[in-house]
1. If amide H atoms are built 1.01 Å from N in the plane of the peptide, which residues on other chains or at least 5 residues away come under 5 Å of the amide H of Val67?
2. Using a Förster distance of 30 angstrom, determine the FRET efficiency expected from the C-beta separation of Ser45 and Val16, and round it to 0.05.
3. Can you work out ³J(HN,Hα) from phi for every residue in the stretch 56-67, in order, using Karplus 6.51 cos²θ - 1.76 cosθ + 1.60 and θ = phi - 60°, giving whole Hz and x for Gly and Pro?
4. Mind giving me the nanometre distance, one decimal, between the label points for Glu27 and Ile68, set 7 Å out from Cα along Cα→Cβ?
Amino acid sequence: MLVTAKQHGHYELGAVDYATVAIGPDEAADVVQLGLVGTTAPDGSPVLVGVRGSAPQYGQANCRLEVIAVFDGAGSAVAGAIAFKSAIPRLDCVG
């Protein structure tokens, strides 16, 4: 995400960007459109999760999560935990 931003000048480092999405006929929610979340892997090592929301105007219909970790095992563990939690029924805020 950061390399792409620098190469193409799409966005700069700063606060998280939010977007408002419909979650029902008369309801909306604020969601992260673009940002980085600092967290830790199960082994305690630091991990960043990049969040990039959908951008249908640019052909990107789905949101995207990118896991950035020092160790492959840590990144895989975090990605697996996110995938597992994503399988639990939730509101579909993307579309």
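Rule-based calculations on the coordinates, nothing more; no lab input. Everything numeric here is computed off the predicted structure, so don't read it as measured data. For neighbour counting, all protein chains shown are included, and Cβ atoms are generated from backbone atoms with ideal geometry for every residue, glycine included.
1. So Val67 has HN proximity to Gly50.
2. Details: r = 23 Å, r/R0 = 0.77.
It comes to 0.85.
3. x, 5, 10, x, 9, 7, 10, 6, 9, 10, 10, 9
4. That separation, rounded to one decimal, is 3.4 nm.
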